[in-house]
Each structure stands twice: as structure tokens, then as C-alpha cells.
Amino acid sequence: MDSTEGHLYQCFARARTGDDHAYRHLLIGISSLVRRYARRRLNGHDADVEDLVQDVLLAVHLKQHTYDATKPVTAWVHTIARYKMVDFWRHQTRLAEDPLSPEDADAIPDESDHTTDTAADLDVLLATLPAAQRAAIQLVKLEGYRVEEAAAKLNLSTAAVKVYIHRGLKKLAAKRRNQE
């Protein structure tokens, strides 16, 4: 295990126990890895490099539960970075194939309208869940509370909050699949 892998592995292990300092070091290490990876592939497009780094960091944060501790952290991160790079190139290709004309730009709704519509749609979806699942998802996933904080607010165990979140998100995903 090289020094970078060992450092990231230790940071990840400590971050999973709630160590904020280790989590910060993990994100810094991942940023450095992804930045080098992206610079080699994006040839001087620094803004795109930083966008990719942020996309990967967000994916790492959201998908950290999928990490298998028996595997190298760097391999997991590079897999995420590779998928984000593919997404980036697909997006770039679509923009090149279908550039917006000035008339098209006027047809795009104002971002504030979109945000309001999305929030309303989310409220409708969440209202279909049982109260405990809705509250757990609201606190942890939408308001950014740690699971422990949400558990204290809801007078539940951390395990119960995790179960409510998992079951609630599973129900929402099933509803979305049924709508498609």
C-alpha cells in the first residue's frame, strides 16, 4: 500500500466514525488525486477541472456508503472520477451538437421558478412517506444534519434514523421508477 493510499484509507476509516478532521483531510487528498487526473485529460481547461473535482467530491460524499473497505480507496475514487469524466464529455458533446439560439435561451425558465417547482414537487413526494421516514430524510438529506443530530431531534436511535432514511429513499426510488 503506497503512502497516498494508506493516508486516504486511514482518513476514510476515521471519517466513517465521525472524525470531521479526518474527513477534511480525506477530501483534500481526493481533490489532489482528481485534480491531477482531470488536468491530464482536460488540457488546460482549469474551470472544467475544478468542476470535475467538485462533482467527484459530491459523489464521494453521497456514495461513501458504497465503498468496500477491502478495496483501495484510490481505485474507488478513480472509478468515480472516470464516470464523471464520461458524463462531462457527453455533456460537452451535446452542447456542441445542439447549441442554444438566442430564441431558445428565452424559452428556458427562470432558475428561481425551477427551484420553487422542484421544492413543491419534493414536498409532494415526501408527503407520500410515513412521518418518521419523511422527518429523517428532511433532517439528514435536505437540511444537512448528521444522523446523530437527527436521532436526538427525533428521539430515535441512530440505527432507526438510518433505517427510516434507507426505507424512505427506497420508496421514493420505486415511485419514480413506476412513473417512468
| query | Among the listed residues Ala96, Ala75, Ala105, which satisfies the condition of being out of contact with any Cys (no Cβ under 6 Å at 6 or more places or on another chain) and modelled with pLDDT of 85 or more? | reply | Ala75
| Options Thr17, Thr79: the member that is part of a helix (DSSP H, G or I), polar (S, T, N, Q) and surrounded by fewer than 19 Cβ atoms within 10 Å (Cβ to Cβ) | Thr79
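The values are calculated or read from the model by the stated rules, or taken from the named source; none is laboratory data. Given the structure is predicted, the values throughout are model-derived calculations rather than measurements. Neighbour counts run over all protein chains shown; Cβ positions are idealised from the backbone, glycine included.
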